[in-house]
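Down below is the structure, laid out as structure tokens.
Just so it is clear, none of the values below were taken in a lab; they were calculated from the coordinates. Keep in mind it's a predicted model, so treat the numbers as computed, not measured. Every residue, glycine among them, receives a Cβ derived from its backbone with ideal geometry; neighbour counts consider all protein chains shown.
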Amino acid sequence: MAIRKVLCVDDSATDLKNLEQICSGAGYQVVTATSGKDAVAKAKSEHPDAILLDVIMPDMNGFQACRSLAKDAETKNIPVILVSSKGEKTDKLWGAEQGAKGYVTKPYTPDQLLGELKAL
């Protein structure tokens, strides 16, 4: 499946802008969200081909949002790549258990991020 539309999710305006610029610069159509709850709602309304999801957010964190997306029939086939400053092996394993298809640790390079999207 070709990735055309990417949902970028981060509660930090700076990090979100960075994700958005990297993805749009690579030719992807970008939709943004600033919370886990917003990400789940936008995934259902916008039908992105992939989601770049921050982990540490208030209300609903990235792990919870990923689990919610993976369990919902409407969104379960949208691949999620977690993007986080939490880089321990246990975090990556936990992310995979929640349904994430990839994991990028902050700080990341554009090549790392785009490489994960291309690998989908």
ask   = Taking the simple approach of a point 7 Å from Cα along Cα-to-Cβ for both Glu74 and Asp111, what is their distance in nm?
value = 4.0
message = Rounded, prolate or oblate, given the Cα gyration tensor of region 1-49, with a/c below 1.5 counting as rounded?
response = oblate
task = Compute the length gained on full extension between Lys37 and Ile56: take 0.36 nm times their separation in residues and subtract their Cα-Cα distance, giving the result in nm to one decimal.
result = 5.5 nm
task = Would you pull out the residues with amide H under 5 Å of Val83's amide H, same chain only if 5 or more places away, H placed 1.01 Å from N?
result = Leu53, Asp54, Val55, Val104
query = Where does the chain land at 222 nm, in deg cm²/dmol rounded to the nearest 500, when only DSSP H runs of n ≥ 4 count, each adding -39500 (n - 2.57), divided by all residues?
reply = -13000 deg cm²/dmol
query = In whole percent, what relative contact order does region 1-99 give with Cα contacts below 8 Å and a gap of six or more residues?
reply = 27
query = What percent antiparallel are the DSSP beta bridges of the chain, to the nearest 5?
reply = 0
message = Could you tell me which residue out of Gly27, Ala65, Ile3 lies farthest along the dipole of region 1-73 toward its positive end? Charges go on the beta carbon: Lys and Arg +1, Asp and Glu -1, centred on the Cα centre.
response = Ile3
task = Would you grab the residues whose amide H sits under 5 Å from the one on Thr32? Only those 5+ places off in sequence or on another chain, please, with H modelled 1.01 Å from N.
result = Cys8
task = For Lys86, list the lysines whose Cα falls under 23 Å from its own Cα; do not include residues on the same chain fewer than 8 positions away.
result = Lys17, Lys37, Lys101, Lys106, Lys118
remark   = Between the modelled labels at Arg4 and Leu93 (7 Å from Cα along Cα→Cβ) the distance in nm is 4.0
remark   = Exposed GluC sites (Glu not before Pro) being those in a DSSP loop with at most 16 other Cβ atoms within 10 Å, the longest stretch of the chain free of them is 1-73
key: All-pairs Cα distance distribution in the chain, expressed in whole percent, bin size 10 Å   = 15, 54, 30, 1
